[in-house]
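Peer 1: Here it is, the structure, as C-alpha coordinates.
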Amino acid sequence: MDPDAVKSTLSNLAFGNVLAAAARDYKKEVLANEKAQSSKHANEEVDLDELMDDPELEKLHADRIAALKREVEKREAFKRQGHGEYREVNEGDFLGEVTRSQKVICHFYHKEFYRCKIMDKHLKTLAPRHVDTKFIKVDAENAPFFVTKLSIKTLPCVLLVSKGIAIDRLVGFQDLGTKDDFTTTKLENVLIKKGMLSKKKKEEDDEDAEYQESIRRSVRSSQNLDSDSD
(Lines give C-alpha, C1' and ligand atoms only; values in the text may rest on other atoms or scores of the structure.)
Protein backbone atom coordinates (compact mmCIF):
# COMPACT_ATOMS: atom_id res chain seq x y z
CA MET A 1 0.00 0.00 0.00
CA ASP A 2 1.20 3.43 -0.86
CA PRO A 3 2.66 4.99 2.31
CA ASP A 4 1.32 8.39 1.33
CA ALA A 5 -2.18 6.98 0.82
CA VAL A 6 -2.07 5.28 4.21
CA LYS A 7 -0.91 8.48 5.82
CA SER A 8 -3.72 10.46 4.15
CA THR A 9 -6.36 7.90 5.21
CA LEU A 10 -5.18 7.96 8.81
CA SER A 11 -5.19 11.75 8.76
CA ASN A 12 -8.76 11.80 7.43
CA LEU A 13 -9.88 9.30 10.06
CA ALA A 14 -8.32 11.40 12.80
CA PHE A 15 -10.05 14.52 11.51
CA GLY A 16 -13.34 12.66 11.33
CA ASN A 17 -12.92 11.50 14.93
CA VAL A 18 -12.30 15.09 16.01
CA LEU A 19 -15.46 16.25 14.26
CA ALA A 20 -17.47 13.42 15.75
CA ALA A 21 -16.19 14.21 19.21
CA ALA A 22 -16.96 17.88 18.72
CA ALA A 23 -20.48 17.01 17.56
CA ARG A 24 -21.02 14.80 20.63
CA ASP A 25 -19.80 17.57 22.92
CA TYR A 26 -22.07 20.13 21.24
CA LYS A 27 -25.06 17.81 21.55
CA LYS A 28 -24.32 17.28 25.26
CA GLU A 29 -24.11 21.04 25.78
CA VAL A 30 -27.43 21.65 23.99
CA LEU A 31 -29.15 18.95 26.07
CA ALA A 32 -27.68 20.39 29.26
CA ASN A 33 -28.95 23.90 28.39
CA GLU A 34 -32.41 22.56 27.54
CA LYS A 35 -32.51 20.71 30.84
CA ALA A 36 -31.45 23.83 32.74
CA GLN A 37 -34.10 25.95 30.99
CA SER A 38 -36.76 23.34 31.68
CA SER A 39 -35.79 23.27 35.32
CA LYS A 40 -35.87 27.06 35.50
CA HIS A 41 -39.39 27.22 34.00
CA ALA A 42 -40.56 24.54 36.38
CA ASN A 43 -39.25 26.56 39.30
CA GLU A 44 -40.93 29.69 37.97
CA GLU A 45 -44.23 27.85 37.67
CA VAL A 46 -43.92 26.58 41.21
CA ASP A 47 -43.14 30.06 42.47
CA LEU A 48 -46.13 31.49 40.60
CA ASP A 49 -48.41 28.82 42.04
CA GLU A 50 -47.14 29.58 45.49
CA LEU A 51 -47.70 33.28 44.87
CA MET A 52 -51.29 32.73 43.73
CA ASP A 53 -51.97 30.69 46.87
CA ASP A 54 -50.39 33.23 49.21
CA PRO A 55 -53.01 33.92 51.94
CA GLU A 56 -51.60 37.41 52.52
CA LEU A 57 -52.17 38.35 48.88
CA GLU A 58 -55.64 36.84 48.94
CA LYS A 59 -56.46 38.92 52.03
CA LEU A 60 -55.13 42.09 50.39
CA HIS A 61 -57.25 41.39 47.32
CA ALA A 62 -60.36 40.74 49.41
CA ASP A 63 -59.76 43.91 51.45
CA ARG A 64 -59.33 45.94 48.26
CA ILE A 65 -62.58 44.64 46.77
CA ALA A 66 -64.41 45.31 50.06
CA ALA A 67 -63.04 48.89 50.12
CA LEU A 68 -64.16 49.46 46.54
CA LYS A 69 -67.64 48.19 47.37
CA ARG A 70 -67.86 50.49 50.39
CA GLU A 71 -66.79 53.46 48.25
CA VAL A 72 -69.46 52.73 45.65
CA GLU A 73 -72.13 52.22 48.33
CA LYS A 74 -71.12 55.50 49.98
CA ARG A 75 -71.35 57.39 46.70
CA GLU A 76 -74.69 55.81 45.86
CA ALA A 77 -76.04 56.87 49.28
CA PHE A 78 -74.87 60.45 48.63
CA LYS A 79 -76.51 60.44 45.21
CA ARG A 80 -79.80 59.34 46.72
CA GLN A 81 -79.60 62.51 48.84
CA GLY A 82 -79.14 64.63 45.72
CA HIS A 83 -75.34 64.87 45.76
CA GLY A 84 -73.06 64.64 42.72
CA GLU A 85 -74.83 67.26 40.61
CA TYR A 86 -75.65 70.95 40.76
CA ARG A 87 -79.44 71.23 41.11
CA GLU A 88 -82.01 73.98 41.42
CA VAL A 89 -84.50 73.71 44.30
CA ASN A 90 -87.52 75.84 45.11
CA GLU A 91 -88.21 77.72 48.33
CA GLY A 92 -90.51 75.00 49.64
CA ASP A 93 -87.77 72.33 49.37
CA PHE A 94 -84.90 74.49 50.60
CA LEU A 95 -85.12 73.66 54.30
CA GLY A 96 -85.35 69.91 53.70
CA GLU A 97 -82.39 69.98 51.28
CA VAL A 98 -80.04 71.79 53.66
CA THR A 99 -80.95 69.71 56.72
CA ARG A 100 -80.75 66.24 55.16
CA SER A 101 -77.04 66.51 54.30
CA GLN A 102 -74.06 67.33 56.51
CA LYS A 103 -72.48 69.77 54.05
CA VAL A 104 -74.48 71.92 51.61
CA ILE A 105 -73.37 74.71 49.30
CA CYS A 106 -76.36 76.80 48.19
CA HIS A 107 -76.13 79.56 45.59
CA PHE A 108 -78.81 82.25 45.81
CA TYR A 109 -78.86 83.71 42.31
CA HIS A 110 -80.70 85.96 39.88
CA LYS A 111 -81.16 84.55 36.38
CA GLU A 112 -80.29 87.88 34.71
CA PHE A 113 -77.08 88.59 36.67
CA TYR A 114 -73.89 87.91 34.74
CA ARG A 115 -71.86 87.15 37.87
CA CYS A 116 -74.42 84.59 38.99
CA LYS A 117 -73.89 82.79 35.68
CA ILE A 118 -70.14 82.75 36.32
CA MET A 119 -70.68 81.23 39.76
CA ASP A 120 -73.09 78.69 38.26
CA LYS A 121 -70.43 77.52 35.82
CA HIS A 122 -67.85 76.86 38.56
CA LEU A 123 -70.25 75.19 40.99
CA LYS A 124 -71.52 72.91 38.23
CA THR A 125 -67.93 71.78 37.62
CA LEU A 126 -67.23 71.17 41.31
CA ALA A 127 -70.40 69.21 42.14
CA PRO A 128 -69.40 65.86 40.57
CA ARG A 129 -65.86 66.17 41.95
CA HIS A 130 -67.03 66.43 45.56
CA VAL A 131 -69.87 63.99 46.02
CA ASP A 132 -69.72 64.23 49.81
CA THR A 133 -71.01 67.84 49.58
CA LYS A 134 -74.42 68.80 48.19
CA PHE A 135 -74.53 71.62 45.61
CA ILE A 136 -77.84 73.43 45.03
CA LYS A 137 -79.10 76.82 43.86
CA VAL A 138 -82.18 78.88 44.64
CA ASP A 139 -83.71 81.63 42.49
CA ALA A 140 -83.66 84.59 44.91
CA GLU A 141 -86.68 86.19 43.21
CA ASN A 142 -88.77 83.12 44.01
CA ALA A 143 -87.56 82.68 47.58
CA PRO A 144 -88.42 85.96 49.35
CA PHE A 145 -88.90 84.36 52.77
CA PHE A 146 -85.39 82.88 53.00
CA VAL A 147 -83.77 85.87 51.28
CA THR A 148 -85.19 88.04 54.08
CA LYS A 149 -84.61 85.50 56.84
CA LEU A 150 -80.97 84.99 55.84
CA SER A 151 -80.34 88.71 55.16
CA ILE A 152 -79.23 88.11 51.58
CA LYS A 153 -78.62 91.55 50.09
CA THR A 154 -75.97 90.98 47.38
CA LEU A 155 -75.97 88.41 44.58
CA PRO A 156 -74.40 86.04 43.90
CA CYS A 157 -74.52 84.81 47.48
CA VAL A 158 -73.21 81.31 48.21
CA LEU A 159 -74.47 80.04 51.54
CA LEU A 160 -72.32 77.44 53.33
CA VAL A 161 -74.38 75.12 55.50
CA SER A 162 -72.92 72.52 57.87
CA LYS A 163 -75.24 70.15 59.77
CA GLY A 164 -78.21 72.39 59.08
CA ILE A 165 -76.50 75.58 60.26
CA ALA A 166 -75.36 78.43 57.99
CA ILE A 167 -71.72 78.79 59.05
CA ASP A 168 -70.45 81.19 56.38
CA ARG A 169 -71.16 82.71 52.98
CA LEU A 170 -69.42 84.00 49.85
CA VAL A 171 -70.84 87.42 48.95
CA GLY A 172 -70.18 88.47 45.37
CA PHE A 173 -66.57 87.69 44.45
CA GLN A 174 -64.96 89.24 47.55
CA ASP A 175 -63.20 86.01 48.56
CA LEU A 176 -62.18 85.26 44.98
CA GLY A 177 -60.06 88.26 44.10
CA THR A 178 -63.08 90.53 43.28
CA LYS A 179 -62.61 89.89 39.53
CA ASP A 180 -64.74 87.84 37.15
CA ASP A 181 -61.91 85.69 35.75
CA PHE A 182 -61.19 83.56 38.84
CA THR A 183 -60.66 79.85 38.21
CA THR A 184 -62.65 76.87 39.43
CA THR A 185 -59.56 75.80 41.37
CA LYS A 186 -59.53 79.18 43.15
CA LEU A 187 -63.14 78.71 44.26
CA GLU A 188 -62.43 75.09 45.19
CA ASN A 189 -59.50 76.09 47.41
CA VAL A 190 -61.59 78.76 49.17
CA LEU A 191 -64.30 76.18 49.89
CA ILE A 192 -61.69 73.69 51.13
CA LYS A 193 -60.29 76.28 53.54
CA LYS A 194 -63.79 76.96 54.82
CA GLY A 195 -64.25 73.24 55.49
CA MET A 196 -66.96 72.66 52.90
CA LEU A 197 -64.91 70.46 50.57
CA SER A 198 -62.42 67.69 51.24
CA LYS A 199 -58.93 68.23 49.90
CA LYS A 200 -58.13 65.82 47.10
CA LYS A 201 -54.84 64.53 45.74
CA LYS A 202 -53.93 65.89 42.33
CA GLU A 203 -54.18 62.52 40.58
CA GLU A 204 -57.61 61.96 42.11
CA ASP A 205 -58.71 65.38 40.96
CA ASP A 206 -57.41 64.92 37.41
CA GLU A 207 -58.69 61.37 36.93
CA ASP A 208 -61.72 61.24 39.18
CA ALA A 209 -64.23 60.17 36.53
CA GLU A 210 -61.95 57.44 35.17
CA TYR A 211 -61.18 56.23 38.70
CA GLN A 212 -64.85 55.95 39.64
CA GLU A 213 -65.60 54.01 36.47
CA SER A 214 -62.77 51.58 37.29
CA ILE A 215 -64.30 51.11 40.74
CA ARG A 216 -67.65 50.24 39.21
CA ARG A 217 -66.03 47.75 36.81
CA SER A 218 -64.12 46.07 39.65
CA VAL A 219 -67.22 45.79 41.81
CA ARG A 220 -69.33 44.43 38.95
CA SER A 221 -66.60 41.86 38.24
CA SER A 222 -66.47 40.85 41.89
CA GLN A 223 -70.24 40.50 42.06
CA ASN A 224 -70.24 38.32 38.97
CA LEU A 225 -67.58 36.07 40.49
CA ASP A 226 -69.57 35.82 43.71
CA SER A 227 -72.67 34.88 41.71
CA ASP A 228 -70.79 32.21 39.76
CA SER A 229 -69.32 30.71 42.92
CA ASP A 230 -72.80 30.42 44.44
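The values are calculated or read from the model by the stated rules, or taken from the named source; none is laboratory data. Because the structure is a prediction, the values reported are computed rather than measured. Counting neighbours? That spans all protein chains shown, and the Cβs are built from the backbone with ideal geometry, glycine included. Each accessible area value is taken on the protein alone, full model and side chains, heavy atoms only, with ligands, DNA and RNA left out. Shrake-Rupley method; radii C 1.70, N 1.55, O 1.52, S 1.80 Å.
Peer 1: Carbon-plus-sulfur fraction of the accessible area of the stretch 88-168, 1.4 Å probe, in percent?
Peer 2: Here it works out to 51 percent.
Peer 1: Continuing with this model, one more query. Quote the FRET efficiency, to the nearest 0.05, computed for K194 versus E58 with a Förster distance R0 of 41 Å and r equal to the Cβ-Cβ distance.
Peer 2: Working from the Cβ atoms, E equals 0.40.
Peer 1: Could you provide, to the nearest whole Å², the per residue accessible area of the stretch 82-194 with probe 1.4 Å?
Peer 2: 50 Å²
Peer 1: Also, quick follow-up: Binning at 10 Å from 0, report for the stretch 82-194 what percent of all alpha-carbon pair distances ends up in each bin.
Peer 2: Result returned by the calculation: 14, 53, 31, 1.
Peer 1: Can you list residues whose amide H is under 5 Å from D168's amide H, if they're 5+ apart or on another chain and H is modeled 1.01 Å from N?
Peer 2: L160
Peer 1: By how many nm would the segment from H110 to K149 grow when fully extended, if each residue of separation counts as 0.36 nm and the alpha-carbon distance is taken off?
Peer 2: That works out to 12.3 nm of additional length.
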